[in-house]
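The values are calculated or read from the model by the stated rules, or taken from the named source; none is laboratory data. Keep in mind the model is a prediction, meaning the values are calculated, not measured. Backbone-built Cβ (ideal geometry, glycine too); neighbour counts: all protein chains shown. Just so you know, the surface numbers come from the protein's heavy atoms only, side chains and all, with ligands and any DNA or RNA stripped out. Shrake-Rupley method; radii C 1.70, N 1.55, O 1.52, S 1.80 Å.
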Amino acid sequence: MSELGDGPVHSETPDAVPVTIPVTLVAGYLGAGKTTWLNALLRKGVAPGTLVLVNDFGTINVDAELIDYAGERLLKLSSGCLCCSLSDELGTQLSRIGRWPEPPAALIIETSGVARPRRIADMIRVARRFRLDRIVTLVDLASLAQRLGDSRVGELVADQIASADTLSLNRGDDLDPAERESLMHRLQSLNPAAQVARAGAGVDSSVERTPQPAPARPLTLHPPAADRDPDWQRFAITLPPSLTRQTLEALLVEHADGLARAKGFIQADGRHYVFQWSGGRAEWTPATPRPGASQLVGIGLAGDSFNALITALKALA
């Protein structure tokens, strides 16, 4: 895996024939299943020479290390954030990729869970040699109602859904039929033109018929000022090797109101794990030992709950 800044930069020759590179944006709120969806797509098969660009919010790019795509065709943005304000980094890197002597056949960008895909799409539309092919937004049905009703993030989640060409649904199997139908109507209200598919063992393995809008109970959002991002706060905490899984999970549950997402490579109970936290759920995946200390990275919402979380995490050291 390489940093984009380390990639080859070559001047274009006068006789070079411009190549249009199709771009797929993979979007969705924190923990919605973007990396899992992308891995399924890669296993299914992509065009030879496809470039995968992964962006994450933390100082360690956990998502990039979990993608089953080796070599210099898996790259990451070093800034670690495509959220509130887009730096010049993405535009710079697109320009570099466009000047490679053998441009990629296609580009897939997995965005940060707090990114607004419309903003990234606008950059792609004005980037030389690139064309936006589609935006796929992953939707966690199990937490969708809670996210949309949250005054801090509801407008962002709605915007991610409204931006999509395809909505890929996750984690809805345990919902009762009435609740699922209500959520489908909400998606229809936000984006009536999108294709709606269910993410499965394949990629978007079954396409669902989108229902007509329900006449009762219109969608209610509690947005902040239009297109203004929440006050995100990021952290990176080194954790001791004596940590237990129970201790960390209990701490995150206690301060869940201020925490949107956490993940890292962690040693706990004498074993090594890839740790993921989203939607109030913890996932521990056994992993091979890594050099260096355990590190947890996360993103939350500014306020007393977030401050208490950071204080409690630092007290573990």
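Looking across segment 249-306, the residues that are farther than 20 Å from L30 by Cα and not in a strand (DSSP E or B) come down to A250, D269, G270, A287, T288, P289, R290, P291, G292, A293, D304. Restricting attention to segment 244-257, which residues are surrounded by 18 or more Cβ atoms within 10 Å (Cβ to Cβ) and in contact with a strand residue (DSSP E or B) (Cβ under 8 Å, 6 or more places away or on another chain)? Result: L248, L252.
When we screen S163, S112 for residues that are open to solvent by 10 Å² or more (accessible area, probe 1.4 Å) and under 30 Å from G303 (Cβ atoms), the only hit is S163. Looking only at segment 307-317, count how many residues are under 15 Å from L239 (Cβ atoms), open to solvent by 40 Å² or more (accessible area, probe 1.4 Å) and assigned to a helix (DSSP H, G or I). Residues meeting the conditions: 3. In segment 109-123, the residues that are in contact (Cβ under 8 Å) with a residue 24 or more places away in the chain and farther than 12 Å from Q160 by Cβ form Cβ pairs under 9 Å with partners that are open to solvent by 10 Å² or more (accessible area, probe 1.4 Å) and among the acidic types (D, E), at six or more places apart or across chains, as follows: E110/D63. Taking segment 123-151 as the range and being surrounded by 18 or more Cβ atoms within 10 Å (Cβ to Cβ) and touching a strand residue (DSSP E or B) at 6+ places or on another chain (Cβ under 6 Å) as the test, the residues that pass are I124, F130, L132, I135, V136, T137, L138, V139, D140, L141. Just one residue in the set P192, P177 is at pLDDT 95 or above and either loosely packed, with under 14 Cβ neighbours inside 10 Å or closer than 19 Å to G28 by Cβ (or both); that residue is P192. Residues of segment 271-284 that are modelled with pLDDT of 90 or more and open to solvent by 60 Å² or more (accessible area, probe 1.4 Å): R271, E283.
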